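Shown next, in structure tokens, is the structure this report addresses.
No value in this document is a laboratory result; all are computed from the given coordinates. Note that this is a predicted model, so its numbers are computed, not measured. Cβ placement follows ideal geometry from the backbone for every residue including glycine, while neighbour counts extend to all protein chains displayed.
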Amino acid sequence: MKMLDQLKTIEEDALATLAAAHDAAGLEGWRVAVLGRKGSLTHALRGLGQLPRDERPAAGAEANRVKDRLEAAFSAHQEVLQQAEIAATLAAEAVDVTLPGRPPSLGRIHPSNAVLRRIYAIFGQMGFQVYDAPDVELDEINFQLLNIPPDHPARDMQDTFYTKDPAVLLRTHTSPGQIRAMRQFAPAPLRVILPGKCFRYEQVTARSEFMFHQVEGLAVGKGITMADLKGTLQEFANQLYGEGRQLRFRCSYFPFVEPGVEVDMDCILCGGRGCRLCKYSGWLEISGAGMVHPVVLRNGGYDPAIYTGFAFGMGPERITMLKHSIDDIRYFFSNDVRFLEQF
Ligand code: DAH
């Protein structure tokens with residue numbers, strides 16, 4: 001019977017070419033060629049109607065069997081190809097979860113803050129509290145109440161940034177915090193350090209920035225003398241730079257202290273013999289200081305006939321520069337990680 005032979009040939013050919021289909025395109029080509037509207041099997045099925053009546057049932061049954069068989073083979077082969085494709089993708093895009101990860105880079109304490117923390121700890125042991133005073137200050141407190149009236153020549157050395165209100169400026173030093181602390185505590189005895197940012201309107205160079213830190217110290221009470229100032233700063237120098245530091249107090253002038261001094265320490269690099277760091281003097285300047293001026297004490301609310309006090313002001317960037325032989329203050333605030341990572 002011709003029809004049965006034809007179906008058998010179609011089935012065998014189709015199964016053979018299906019096995020040769022290796023991808024989605026080949027599979028689709030096979031489906032169109034065999035099961036599609038103009039496909040070989042479809043064509044044979046259309047021929048069933050022309051068969052003699054008695055041959056039709058057997059041929060029809062066989063045709064349905066072949067159609068089911070080919071459709072099932074198609075689905076099975078499609079499944080095989082899809083699985084192969086998934087496996088290939090997984091192999092190509094595999095992540096090796098056993099590789100060590102990239103460590104996140106950790107931030108660190110800025111060198112200015114690191115020294116500030118050391119300074120807090122050292123003065124904290126000596127009973128000094130940290131007192132916060134504002135960066136934006138009144139002209140009155142930054143200058144006038146510290147014995148620097150509007151026409152005073154000391155103002156020339158501390159030009160600053162002003163706001164639209166001429167009475168309000170960015171503080172040029174931490175000394176105005178003295179007035180704020182005294183006014184809060186008077187007439188109780190007081191021991192504070194006042195750390196923070198200061199601002200100067202001046203050219204930025206290796207030695208001067210328009211913004212920097214200072215730490216002010218202030219002690220007020222009954223019977224405080226210059227010996228207390230010397231002892232306090234000596235202890236500070238010993239703790240920060242090592243035991244046995246030599247200090248030298250030179251007469252100087254600051255409007256808010258009387259007497260006023262500049263405090264030098266024997267050079268940490270050469271120990272006093274003279275070198276480039278100390279400009280061959282043997283000494284490094286570490287602080288301005290003095291006994292609080294009676295006018296300033298009174299402005300802070302203390303009776304200068306009963307109370308005395310000492311004050312000092314130092315720059316933590318300068319201290320850090322000395323400690324690590326840093327030759328340019330601009331490194332501190334230019335955010336270059338190559339510099340910051342070294343600390
Ligand atoms: N305020 C001064 C300055 O910025 C530093 C200073 C000197 C502070 C003497 C003091 C002091 O408390 O007694 O130049």
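Side notes on the structure shown:
- Other residues with beta-carbon under 14 Å from the beta-carbon of residue 171 carry, at +1 per Lys or Arg and -1 per Asp or Glu, a net charge of -3.
- Packing, as the average of other Cβ atoms within 10 Å across residues, places the peptides 98-109, 51-62 in the order 51-62, 98-109, highest first.
- Charged-residue dipole, Cβ positions (Lys, Arg, Asp, Glu), segment 119-229 about Cα centre, Debye nearest 20: 340
- Packing rank of 296-305, 15-24, where each peptide gets the mean count of other beta carbons within 10 Å, highest leading: 296-305, 15-24
- Set of lysines with alpha-carbon distance to residue 164 below 23 Å, sequence-local pairs under 8 removed: 197
- Ordering 212, 224, 138 by Cα displacement along the dipole of segment 82-229 toward the positive end leaves 224 in first place; charges were set at the Cβ atoms of Lys, Arg (+1) and Asp, Glu (-1).
- The angle between the Cα long axis of helix 24-34 and the longest principal axis of the Cα atoms of the chain comes to about 20 degrees, rounded to the nearest 10.
- Of 19, 195, 89, farthest towards positive along the dipole that unit charges on Lys, Arg, Asp, Glu beta carbons give the chain: 195
- Cys residues of the chain counted as unpaired, since no other Cys beta-carbon is under 4.7 Å: 198, 251
- Nearby lysines by direct alpha-carbon distance to residue 323 (threshold 19 angstrom, same-chain neighbours under 8 apart not counted): 279
- In degrees, nearest ten, helix 2-20 long axis to first principal axis of the chain (Cα): 20
- Fewest-first ordering of 185, 312 by other beta carbons within 10 Å of each residue's beta carbon gives 185, 312.
- Taken about its Cα centre, segment 188-241 carries a charge dipole of about 80 debye when Lys and Arg each add +1 at the Cβ and Asp and Glu each add -1 at the Cβ.
- Taking the helices alone, the chain has a mean residue ellipticity at 222 nm of -13000 deg cm²/dmol, built from -39,500 (n - 2.57) per DSSP H run of at least 4 residues and averaged over all its residues.
- Contour excess over end-to-end distance, with Cα ends at residue 53 and residue 303 and 0.36 nm allotted per residue: 76.7 nm
- Based on alpha carbons, the Rg and Dmax found for the chain are 44.9, 138 Å.
- Evaluated over the Cα positions of segment 39-86, the convex hull gives a direction-averaged projected area, one quarter of its surface, of 3.5 nm².
- For segment 92-139 versus segment 19-57, the inter-centroid distance based on Cα atoms is 77 Å.
- Rounded to the nearest 20 debye, the dipole size of segment 7-89 about its Cα centre is 420 debye, using +1 on the Cβ of Lys and Arg and -1 on the Cβ of Asp and Glu.
- Lys/Arg +1, Asp/Glu -1 at C-beta; segment 258-343 dipole; positive extreme among 263, 290, 302: 263
- Largest-first ellipsoid semi-axes for segment 168-243, taking √(5λ) over the Cα gyration tensor eigenvalues, angstrom: 26, 20, 8
- Formal net charge of residues neighbouring residue 265 (Cβ-Cβ distance under 9 Å; K, R +1; D, E -1): -1
- Degrees between helix 56-92 axis and first principal axis of the chain (Cα, 0 to 90, nearest 10): 20
- Peptides ranked, highest mean first, by Cβ atoms within 10 Å: ranges 321-329, 88-96: 321-329, 88-96
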